[in-house]
1. Enumerate the pairs (first residue in segment 172-193 and closer than 21 Å to LYS112 by Cβ; second residue anywhere and polar (S, T, N, Q) and open to solvent by less than 10 Å² (accessible area, probe 1.4 Å)) with beta-carbon separation below 6 Å, excluding pairs fewer than 6 apart on the same chain, so at least 6 apart or on different chains.
2. Find the helices (runs of 4 or more DSSP H) located wholly in segment 2-90 whose residues include 2 or more that are within 21 Å of LEU221 (Cα to Cα) and open to solvent by 40 Å² or more (accessible area, probe 1.4 Å), and list them.
3. Given the residues GLN238, GLN211, GLN162, which is the only one that is surrounded by fewer than 17 Cβ atoms within 10 Å (Cβ to Cβ), modelled with pLDDT of 95 or more and touching a helix residue (DSSP H, G or I) at 6+ places or on another chain (Cβ under 7 Å)?
4. Restricting to segment 180-208, what's the tally of residues that are part of a loop (DSSP other than H, G, I, E, B), open to solvent by 20 Å² or more (accessible area, probe 1.4 Å) and out of contact with any Asp or Glu (no Cβ under 6 Å at 6 or more places or on another chain)?
5. Any idea which of THR208, THR169 is among the hydroxyl-bearing types (Ser, Thr, Tyr) and away from the ligand (no atom under 16 Å from the Cβ)?
6. For segment 138-162, enumerate the residues that are more than 16 Å from the ligand (Cβ to nearest atom) and among the hydrophobic types (A, V, I, L, M, F, W, C).
7. Go through segment 91-104 residue by residue and tally those that are in a helix (DSSP H, G or I) and either among the charged types (D, E, K, R) or free of Cβ contacts under 8 Å to residues at least 24 places away in the same chain (or both).
8. Which ones in segment 94-124 are in contact with a Lys or Arg (Cβ under 9 Å, 6 or more places away or on another chain) and either at pLDDT below 95 or open to solvent by 30 Å² or more (accessible area, probe 1.4 Å) (or both)?
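The values are calculated or read from the model by the stated rules, or taken from the named source; none is laboratory data. For clarity, every value in this text was computed on a predicted model and none was experimentally measured. In this analysis, Cβ positions are derived from the backbone assuming ideal geometry, glycine residues included, and neighbour counts consider all displayed protein chains. Ligands, DNA and RNA are excluded from the accessible area calculation, which covers all protein heavy atoms including side chains. Shrake-Rupley method; radii C 1.70, N 1.55, O 1.52, S 1.80 Å.
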Amino acid sequence: MPVTTVTSLQALKLKGEKITMLTCYDATFAHTASTAGVEVLLVGDSLGMVLQGHDSTLPVSTADMAYHVACVKRGNQGALIVADLPFMANATVEHTLLNSAALMQAGAHMVKVEGAAWLADSIRHLTDRGIPVCAHMGLTPQTVNVMGGYKVQGRLEAQARQMRADAITLEQAGAAMILLECVPAELAEEITHAVKIPVIGIGAGNATDGQVLVLHDMLGLSISGRVPKFVRNFMIGQPDIQSAIQAYVSAVKDTSFPAPEHGFSA
Ligand code: KIV
């Protein structure tokens, strides 16, 4: 069973092979997804919505995250486990260090933080202390109340310029990966070329180095019935969940997913 590391992800970017990432919250799905070929399992704070039934990710705690990271670790077969720092867990550098340590000790190999250039200090501190960081930019669901809703980010030229500059700042601060959510495909492509670290997209077109989806979304499961534009239901035409996840891996690898209709323009 191949083991995914920060260096093997970097090698995939260099080779031009797409990286597959999927959210995951328990041992059985960790086993299913990692044996289906998913390289990165994201224990996302989306668990607040899809598992806990909240209407946002804000109620999720670090203890909730650590519990699910530990579950995922037990089922995982070689994927890299990324754990989200939930709302306010990265409010200060000290908070960020303590909460990240808890997630790493629960079994994560990398933490993900939502934000922009203001994260640079925290990212430097974490990286210097042995914790790889994924910087989540663009639509950052923890700041939905500031953004005024779940909206595409970076459509205005000034915003796009800022996002490009922030991505470079965070790479220089030591970020090991960038995740772009709901940004125009052209901007995501520019950022992907501007940095050497892997860039993973969700609603960011198919020029990024890899893709991520929320597990429940790609299995066609939803409480609200609202399906984001960037989602494809991979259960359609598949006999079981393992096959649906394998179909997702194949579609990301051969770049047939995401298709133009799953993306946003400027
Ligand atoms: O929490 C999460 O699942 C995420 C994905 C939407 C990328 O951050």
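1. What qualifies is ALA188/THR208; THR192/THR208.
2. On the way: elements: 6-15, 27-35, 47-50, 62-75.
The qualifying helices (runs of 4 or more DSSP H) are 27-35, 47-50.
3. On the way: GLN211 fails: surrounded by fewer than 17 Cβ atoms within 10 Å (Cβ to Cβ); GLN162 fails: touching a helix residue (DSSP H, G or I) at 6+ places or on another chain (Cβ under 7 Å).
Being surrounded by fewer than 17 Cβ atoms within 10 Å (Cβ to Cβ), modelled with pLDDT of 95 or more and touching a helix residue (DSSP H, G or I) at 6+ places or on another chain (Cβ under 7 Å) holds for just one of GLN238, GLN211, GLN162, which is GLN238.
4. Taking segment 180-208 and keeping what is part of a loop (DSSP other than H, G, I, E, B), we get 182-184, 195-198, 203-208.
After this cut, where a residue has to be open to solvent by 20 Å² or more (accessible area, probe 1.4 Å) as well, the list is 196, 206-207.
When the remaining residues are screened for being out of contact with any Asp or Glu (no Cβ under 6 Å at 6 or more places or on another chain), the result is 196, 206.
Qualifying residue count, segment 180-208: 2.
5. Numbers: THR208 fails: away from the ligand (no atom under 16 Å from the Cβ).
Of THR208, THR169, the one residue that is among the hydroxyl-bearing types (Ser, Thr, Tyr) and away from the ligand (no atom under 16 Å from the Cβ) is THR169.
6. VAL146, LEU156, ALA158, ALA160 - these are the residues of segment 138-162 that are more than 16 Å from the ligand (Cβ to nearest atom) and among the hydrophobic types (A, V, I, L, M, F, W, C).
7. The first filter runs over segment 91-104 and keeps only residues in a helix (DSSP H, G or I), leaving 93-104.
Checking which are either among the charged types (D, E, K, R) or free of Cβ contacts under 8 Å to residues at least 24 places away in the same chain (or both) leaves us with 94-95, 98.
Qualifying residue count, segment 91-104: 3.
8. Applying the first criterion (in contact with a Lys or Arg (Cβ under 9 Å, 6 or more places away or on another chain)) to segment 94-124 yields 97, 100-101, 106-108.
Across segment 94-124, the qualifying residues are LEU97, ALA101.
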